[in-house]
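Engineer: Before we start, here is the structure in question, set down as structure tokens.
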Amino acid sequence: QVQLVESGGGLVQTGGSLRLSCAASGPIYSNYAMGWVRQAPGKERVFVAGISWRGGTTYYADSVKGRFTISRDNAKNTVYLQMNSLKPEDTAVYYCTADANPVTMKAGAAYYWGRGTQVTVSS
């Protein structure tokens, strides 16, 4: 059974930075894409960023392009989300996701999900 465990969330002021980490354990296959989805209070979950297994292809929501960077360390089975220039509208629970199909992952319908980590950006 694949498990995804997020860390790195917290409270930060507008303009600040945070780095989220997601450690994967279990049978992560070589073709799994990984990514992040967030859910703000009272809103639906939305795709934030994704990365192919080898890291050669990255995907970003328009709202975070130029501010967030996704990366992965396959030796550690870990994916990261560096978030800079944070805004109050970035406040949400951030979920790590994994799926063999990058299209499914980008649609926010990945097969595997972590439990989420809270990010709060104060104004």
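Engineer: Looking only at the range 52-106, count how many residues are over 18 Å from Arg38 (Cα atoms) and aliphatic (A, V, I, L, M).
Structural biologist: Number of matching residues: 2.
Engineer: Are there any pairs with C-beta distances below 9 angstrom linking a residue in the range 73-101 that is more than 20 Å from Trp113 (Cβ to Cβ) to a residue that is modelled with pLDDT of 95 or more and of a type in the set (Asp, Glu), with the two at least 6 apart or on different chains, and if so which?
Structural biologist: Filtered contacts from the range 73-101: no entries.
Engineer: Name the strands (runs of 3 or more DSSP E) wholly within the range 20-123 that hold at least 1 residues that are open to solvent by less than 40 Å² (accessible area, probe 1.4 Å) and of a type outside the set (Ser, Thr, Tyr)?
Structural biologist: In the range 20-123, the matching strands (runs of 3 or more DSSP E) lie at 33-39, 45-51, 68-73, 78-83, 92-99, 117-122.
Engineer: Starting from residues that are of a type outside the set (A, V, I, L, M) and not in a strand (DSSP E or B), keep the ones in the range 1-19 and report whichever is surrounded by the most Cβ atoms within 10 Å (Cβ to Cβ).
Structural biologist: Gly9
The values are calculated or read from the model by the stated rules, or taken from the named source; none is laboratory data. None of these values were measured; they are calculated from a predicted model. Counting neighbours? That spans all protein chains shown, and the Cβs are built from the backbone with ideal geometry, glycine included. Quick note on the areas: whole protein, heavy atoms, side chains included, nothing else; ligands and nucleic acids left out. Shrake-Rupley method; radii C 1.70, N 1.55, O 1.52, S 1.80 Å.
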